[in-house]
């Protein structure tokens, strides 16, 4: 039986390696070496081995016999399916949130948007990602639908990975900020339908940036925009 320190060490290694995958420090397709990870994390190879086994079970790495352990990439089909789910749920959430979100929360978020735009979003990638998380979190909370929130939170890490990978594409940071700004503007005007359409465009453009087939809702929103 593993001891308590061994379990804690494995959990810590798991979290740090997974954080590296989510932040793209470990790129899709990159080979992960037990020895290098152990040296990087300043732990023994045993907790790293346990962490990699758990990451394989959770679908974040793949183990190829005779080749090694590699960071898993999401297929175009998986990204398309995730975008379809987000489009359906988050456009509805934006519609409801536009009518429910507090003025104070909108004002706080608006201030952060304007600050980031003034600084130049392309030069503040980490701040953009934090604002992105805060923006979508606000929409989830204001929509106040526990089932939608639970579904999206269950996919939180996968959604976060797609957001980070998408933002790393040329031109997508500034474009994403502008798209979210349109959603925020509609919410400030309490225009529920405009907020839903702006959210559809935002998520649909993520699908387009990966060259995956856009969903029907995005086609309708694009033609209306």
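The values are calculated or read from the model by the stated rules, or taken from the named source; none is laboratory data. These numbers come from a predicted model, not from an experiment. Cβ coordinates were reconstructed from backbone atoms using ideal geometry, including for glycine residues, and neighbour counts include every protein chain displayed.
The conditions of being within 19 Å of the chain's Cα centre (by Cα), surrounded by 14 or more Cβ atoms within 10 Å (Cβ to Cβ) and either assigned to a helix (DSSP H, G or I) or touching a residue at least 24 places away in the same chain (Cβ under 8 Å) (or both) are not met by residue 70.
Yes/no per residue for (1) within 21 Å of residue 85 (Cβ to Cβ); (2) surrounded by 18 or more Cβ atoms within 10 Å (Cβ to Cβ); (3) under 16 Å from the mean Cα position of the chain (by Cα); (4) modelled with pLDDT under 85:
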residue: 156; (1), (2), (3), (4): yes, no, yes, yes
residue: 161; (1), (2), (3), (4): yes, yes, yes, no
residue: 170; (1), (2), (3), (4): no, no, no, yes
residue: 173; (1), (2), (3), (4): no, yes, yes, no
residue: 178; (1), (2), (3), (4): no, no, no, no
residue: 183; (1), (2), (3), (4): yes, yes, no, no
residue: 191; (1), (2), (3), (4): no, no, no, no
residue: 194; (1), (2), (3), (4): no, yes, no, no
residue: 197; (1), (2), (3), (4): yes, yes, no, no
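If you go through the stretch 4-33 and pick out every residue that is buried (at least 17 other Cβ atoms within 10 Å of the Cβ) and either free of Cβ contacts under 8 Å to residues at least 24 places away in the same chain or over 26 Å from the mean Cα position of the chain (by Cα) (or both), you end up with 2. When you check residue 80 against the structure, is it modelled with pLDDT under 95, under 18 Å from the mean Cα position of the chain (by Cα), assigned by TED's automatic domain parsing to the domain that holds residue 181 and in a helix (DSSP H, G or I), yes or no? Yes.
Yes or no, residue by residue, for (1) touching a residue at least 24 places away in the same chain (Cβ under 8 Å); (2) surrounded by 15 or more Cβ atoms within 10 Å (Cβ to Cβ); (3) assigned by TED's automatic domain parsing to the domain that holds residue 165:
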site: 107; (1), (2), (3): no, no, yes
site: 111; (1), (2), (3): no, no, yes
site: 114; (1), (2), (3): no, no, yes
site: 117; (1), (2), (3): yes, no, yes
site: 128; (1), (2), (3): yes, yes, yes
site: 133; (1), (2), (3): yes, no, yes
site: 138; (1), (2), (3): yes, yes, yes
site: 144; (1), (2), (3): yes, no, yes
